[in-house]
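Colleague: Mind looking over this structure? Questions follow.
The values are calculated or read from the model by the stated rules, or taken from the named source; none is laboratory data. As the structure is a computational prediction, the values presented were derived from the model and not from experiment. What goes into the accessible areas is simple: the full protein's heavy atoms, side chains included, and nothing from ligands, DNA or RNA. Shrake-Rupley method; radii C 1.70, N 1.55, O 1.52, S 1.80 Å.
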Amino acid sequence: MKMTVKTAHWKSQELVMIGVFAAAIKLSSLLIALAGGGMNPVTLMLKNLVFTTLLIVLLAKVRKSGTLLLFTAVSMIVSVLLMGGSITLLPAALVGALAAELAVWLTGGFKHTWSTYVGVAVYDLATKLFSVAVSYLMMRETPALVLSVLPIIFIGYTGCLLGLFTGYRALKELRHAGIVRS
């Protein structure tokens, strides 16, 4: 009789890394907002830049499908339980994570380095677009309120696009230092 051994999808080291990065991203976003005096355009762009950079580093360290979904779940738990965030952001974040996982899978999976960048860009864009769509459905009587948020989202996504470049540069330096080996 042949025995099959079932292996875990993630190692404990990878799970800890996902948790640490989720907490670090939330904490750095909060510190940037507090240091910048609230959510002005500069801090909004900087917050998204740091978020995207750290997310790219995380995905370079943990190159497995489902990482974005697990990161999103852990990040929302940290946000809701420890920082008093709103649970209403969960559906948009999960839709963004699913869209990003699909984008990574369609571009060849994690065996290509550039598919990580595509996934992070899709994650941020899909999360923001789904949030705006839900807000529009909730505020049908006053759509001008939703339209007034679009420039803020554009500024935030600009920070995400800049974060793709800084993430590329950070990965280059981390590979040179031997911290990231992919």
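Colleague: How tilted is helix 114-138 with respect to the longest principal axis of the chain? Cα atoms for both, answer in degrees (0 to 90, nearest 10).
Modeller: Taking the Cα atoms of the chain, the angle to 114-138 is about 40 degrees.
Colleague: I'd like the carbon and sulfur percentage of the solvent accessible area for segment 82-182, probe radius 1.4 Å, heavy atoms only, ligands and nucleic acids excluded.
Modeller: Details: 4630 of 6180 Å².
Looking at segment 82-182 in its full context, I get 75 percent from C and S.
Colleague: Quick check on the chain: helices-only [θ] at 222 nm, where DSSP H runs of length 4 and up contribute -39,500 (n - 2.57) each and the sum goes over total residues. Nearest 500, please.
Modeller: Values: 7 runs with 131 residues, N = 182.
Rounded to the nearest 500, it is -24500 deg cm²/dmol.
Colleague: Further question: Which one is right for this structure if Rg/Rh (Cα atoms, Kirkwood Rh) is calculated from it: (1) 0.98; (2) 1.01; (3) 1.09?
Modeller: Given (1) 0.98; (2) 1.01; (3) 1.09, the structure-derived one carries the label (2).
Colleague: Springs between alpha-carbon pairs under 10 angstrom, Gaussian network model over the chain: which of Arg63, Arg140, Arg169 fluctuates most?
Modeller: Checking each option, the largest mean-square fluctuation is seen for Arg140.
Colleague: When the solvent-accessible surface of protein heavy atoms is calculated with a 1.4 angstrom probe, in what order do Ser29, Ser135 fall, highest first?
Modeller: On the way: Ser29 20, Ser135 50 Å².
Per-residue accessible area, sorted high to low, gives Ser135, Ser29.
Colleague: Turning to a different aspect of this structure: Any idea of Leu82's accessible area? Nearest 10 Å², probe 1.4 Å.
Modeller: For Leu82, solvent-accessible area is about 140 Å².
Colleague: Could you work out which residue, out of Val118, Val132, Val16, moves most in a Gaussian network model of the chain, that is, has the largest mean-square fluctuation with Cα springs under 10 Å?
Modeller: Highest fluctuation of the listed residues: Val16.
Colleague: Quick check: residue separation of Ala73 and Leu137 times 0.36 nm, minus the Cα distance between them. What number comes out in nm?
Modeller: On the way: separation 64, 0.36 × 64 = 23.04 nm, distance 2.43 nm.
Residue separation times 0.36 nm, minus the Cα-Cα distance, leaves 20.6 nm.
Colleague: Shifting gears a bit: Go through Lys26, Lys11 and list them by solvent-accessible area, largest first, probe radius 1.4 Å. Don't jump to the answer; show the numbers that get you there.
Modeller: Details: Lys26 50, Lys11 130 Å².
So, going from the largest accessible area down, we get Lys11, Lys26.
Colleague: If the elastic network links every pair of Cα atoms under 10 Å, which of Thr67, Thr53, Thr142 fluctuates the most in the Gaussian network model of the chain?
Modeller: Per the Cα network of the chain with a 10 Å cutoff, Thr142 tops the list.
Colleague: In Å², what does the accessible area per residue of segment 1-60 work out to with a 1.4 Å probe? Don't skip to the end; give the middle numbers.
Modeller: Working: 3750 Å² over 60 residues.
Heavy-atom accessible area per residue stands at 62 Å².
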